[in-house]
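*Asks:* One structure follows; several queries about it will come next.
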Amino acid sequence: MNVEPLLDALGLQENAARALADDLHTQIAELQSRLQEAETHLEHLAITRKTVTALADRLPAQAASPDLPEHPDYPRILAVFNQPTGPLRARDVCEALDHEPLPKNIEGTRAKLKRLVKLDILTEVDTGSFARKQ
């Protein structure tokens, strides 16, 4: 019986298994390095949290900011009113928010401005003109 072809096939399988093991060892080393980096980052975040918490305890209490309705335009609208400007109309706010000045957008913005007036954040100085509450 000729076992030479069988030994050759076995040698090929051993070489493939050895190459796979070498690749897996390389991947393990890379993953261990990445894991170490992630653990170090977590430690730094924990230290930062502890520091911020300690500093926050020393800060004087601030008045709570008003609860805004859950819509991404409300903080942006307030940012527009934080700029040094006079009273603004709904169209002006629309343009500052980069909304097209279409009637539906202007009316939607006007409704949001009226809501901020009801929340006592803005004031309507004249009909349709809004300003930040002093």
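The values are calculated or read from the model by the stated rules, or taken from the named source; none is laboratory data. Small disclaimer: the values here were computed from a predicted structure and weren't measured. All accessible areas refer to the heavy atoms of the entire protein, side chains included, with ligands and DNA or RNA removed. Shrake-Rupley method; radii C 1.70, N 1.55, O 1.52, S 1.80 Å.
*Asks:* Using a Cα distance threshold of under 16 Å, what count of lysine pairs results for the chain when pairs must be 8 or more residues apart or interchain?
*Replies:* Details: LYS104/LYS112; LYS104/LYS114; LYS112/LYS133; LYS114/LYS133; LYS118/LYS133.
Close lysine pairs found across the chain: 5.
*Asks:* To continue, here is another question. Please give the helix 103-118 orientation as an angle from the longest Cα principal axis of the chain, in degrees from 0 to 90, rounded to the nearest 10.
*Replies:* 80
*Asks:* Considering only protein heavy atoms and a probe of 1.4 Å, how much of the accessible area of segment 1-113 is carbon and sulfur, as a whole percent? Present the calculation step by step, with values, prior to reporting the outcome.
*Replies:* On the way: 5380 of 9300 Å².
Carbon and sulfur atoms account for 58 percent of the accessible area of segment 1-113.
*Asks:* With all pairs of different alpha carbon atoms counted, what Kirkwood hydrodynamic radius in Å does the chain show? List each step's numbers first, then the result.
*Replies:* Working: mean 1/r = 0.0469 Å⁻¹.
Over the chain, the inverse of the mean reciprocal pair distance is 21.3 Å.
*Asks:* So what is the accessible area of the chain per residue, in Å², with the probe set to 1.4 Å?
*Replies:* Values: 10720 Å² over 134 residues.
With all protein chains present, the chain gives 80 Å² per residue.
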